[in-house]
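The values are calculated or read from the model by the stated rules, or taken from the named source; none is laboratory data. Here the structure is a predicted model, which is why all the values come from computation and not from measurement. FYI the Cβ positions are ideal-geometry reconstructions off the backbone, even for glycines, and counts take in every protein chain you see.
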Amino acid sequence: MAEFCVAELGTVLGVSSTSAKKLIGHALELRHRLPRLWAQVQAGCVPAWRARSVAETTIHSTPSLTREAAGFVDAQVAAVAGRIGPAQLDRLVAETIKRYDLADPDPAADPEDGYLSVDPRHATLHDEDVHFAGTMRFEAELDIADALDLDRELAHHAAQQKALGSTESLDVRRSKALGDLARTQTALDLAMSGGVEARSARTPATDGDHLPVAREVVIHAHFDAGSVGEQTVFGPTGRLEEGQRLVLLDQVRYWCGDSRTKVTVKPVIDLNTELSTPAYAIPDRIRDQVILRDRTCVFPFCTRPARGCDVDHVVEYDHHAEADGRPQPGPTASRNLACLCRFHHRLKTHCDCASGHPLWVARRSGAVQSGVGVLV
């Protein structure tokens, strides 16, 4: 299979390259490792999306399922996949995988190892599901001792917050305590360095000045700004680049309220102004303008954020044009630059089918955008 055919398939189907890659992976998993379920799909007894859900689980199961384990799941699930609901199907697949593991088919293995061969511990941030209040769900499965210790520590921090005057609910205080605990642990080693004498010389009032920044989390928030008299007034809502989501001004104020937070305010960049340079290297100001203009990779249906993409010359820059006395065909200018994720940048560079194709014309916003970027 050609490396870049995934992008072509995705473009034809009207989906991203990542979605096309998943589609190919699910088809291969069903055809070769879940043949009974594949036959049910071919017969019209099981919807394709349900079969793909099973394939997604068997592909990404940890540890990886052997061919025999996938066959066991196939035998248990195929007959009923079209007659039960999605939630019940998910539970059935998970239970089937667990039963295969507990069956311990290897007769030479220790009988007790079957119950411990899969370690269920994990800590997962579900960043694809962001609540409108600006929260994310963090799920974890811990060792019993670790879980009890963490619960005791969260209860202690929540009680401290209440004693200091917090009127928030217990759940909110425990949630805040978990974030405070994470930041404290990040800075613990550096904060305690310097020997006993250095630590004893500090006082509670000045100890915070010696603490390093516990973490560096960078967010890019954009707000419309207007002038009322001599004051600058920001709109109540803005755009958060991370996840391409809306963000409230009050939320950013809360995030910036910590005295140890570093805030950088960048000047306004007019996205309709043509910026250029005679050199091949792209200056930061032009790079920021292209990133703010495109927002995502410009390849059709790709949603990779522009902040993590390469800024590419749409028409190739000719390094010998000036020496030969020829005009530069691919200038380093706003109109000739576009954001491409690394996969699609490689496709454009190394695949002949992409050369000069109209798909590579960068999208233009067309609207004047104003505001400032706040880096927290």
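Within segment 258-266, not a single residue is at pLDDT 75 or above and either surrounded by fewer than 17 Cβ atoms within 10 Å (Cβ to Cβ) or touching a strand residue (DSSP E or B) at 6+ places or on another chain (Cβ under 8 Å) (or both). Among the residues of segment 108-130, just one is at pLDDT 75 or above and polar (S, T, N, Q), namely THR124.
Restricted to segment 270-286, and to residues that are exposed (fewer than 11 other Cβ atoms within 10 Å of the Cβ) and assigned to a loop (DSSP other than H, G, I, E, B), which residue is modelled with the lowest pLDDT?
Result: THR273.
Of a type in the set (Lys, Arg) and either within 19 Å of HIS344 (Cα to Cα) or not assigned by TED's automatic domain parsing to the domain that holds GLY226 (or both): is that true of ARG285 in this structure? The answer is no for ARG285. Being at pLDDT 75 or above, among the small types (Gly, Ala, Ser) and over 30 Å from LEU292 (Cα atoms) holds for only one residue in ALA177, ALA201, and it is ALA177.
Test GLU3 against the stated conditions and say whether it is under 20 Å from ALA94 (Cα atoms) and not hydroxyl-bearing (Ser, Thr, Tyr). So GLU3 does not fit the description; no.
Looking at the structure I just gave you, is THR237 at pLDDT 75 or above and among the polar types (S, T, N, Q)? The answer is yes for THR237. You will find that of ALA43, ALA70, ALA79, the residue that is at pLDDT below 90 and farther than 30 Å from PRO300 by Cα is ALA79 and no other.
Could we say that ARG215 is under 17 Å from CYS256 (Cα atoms), basic (Lys, Arg) and modelled with pLDDT under 70 here? Considered against the rule, which asks whether it is under 17 Å from CYS256 (Cα atoms), basic (Lys, Arg) and modelled with pLDDT under 70, ARG215 comes out as yes.
Can you confirm whether GLU322 is more than 30 Å from THR135 (Cα to Cα), assigned to a helix (DSSP H, G or I) and not assigned by TED's automatic domain parsing to the domain that holds ARG183? For GLU322, the condition - more than 30 Å from THR135 (Cα to Cα), assigned to a helix (DSSP H, G or I) and not assigned by TED's automatic domain parsing to the domain that holds ARG183 - is met. Residue selection: ALA133 fails the criterion of being in a helix (DSSP H, G or I) and modelled with pLDDT under 85. Put simply, of VAL12, VAL77, VAL6 the only residue that is crowded, with 17+ Cβ neighbours inside 10 Å, of a type in the set (A, V, I, L, M) and over 23 Å from the mean Cα position of the chain (by Cα) is VAL77. Just so you know, in segment 300-312 the residues that are at negative phi and either out of contact with any strand residue (DSSP E or B) (no Cβ under 7 Å at 6 or more places or on another chain) or small (Gly, Ala, Ser) (or both) include one that is surrounded by the fewest Cβ atoms within 10 Å (Cβ to Cβ), and it is GLY308. Out of everything in segment 15-63 that is of a type in the set (Ser, Thr, Tyr) and assigned to a loop (DSSP other than H, G, I, E, B), what residue ends up being surrounded by the most Cβ atoms within 10 Å (Cβ to Cβ)? Among residues in segment 15-63 that are of a type in the set (Ser, Thr, Tyr) and assigned to a loop (DSSP other than H, G, I, E, B), the one surrounded by the most Cβ atoms within 10 Å (Cβ to Cβ) is SER16.
State whether one or more residues within segment 313-332 are surrounded by fewer than 19 Cβ atoms within 10 Å (Cβ to Cβ) and of a type in the set (Val, Ile, Thr). Walk me through it before giving the result.
Initially, segment 313-332 is screened for residues surrounded by fewer than 19 Cβ atoms within 10 Å (Cβ to Cβ), giving 313-330.
Those still in the list that are of a type in the set (Val, Ile, Thr) too: 314-315.
Scanning segment 313-332, I find at least one residue that is surrounded by fewer than 19 Cβ atoms within 10 Å (Cβ to Cβ) and of a type in the set (Val, Ile, Thr), so the answer is yes.
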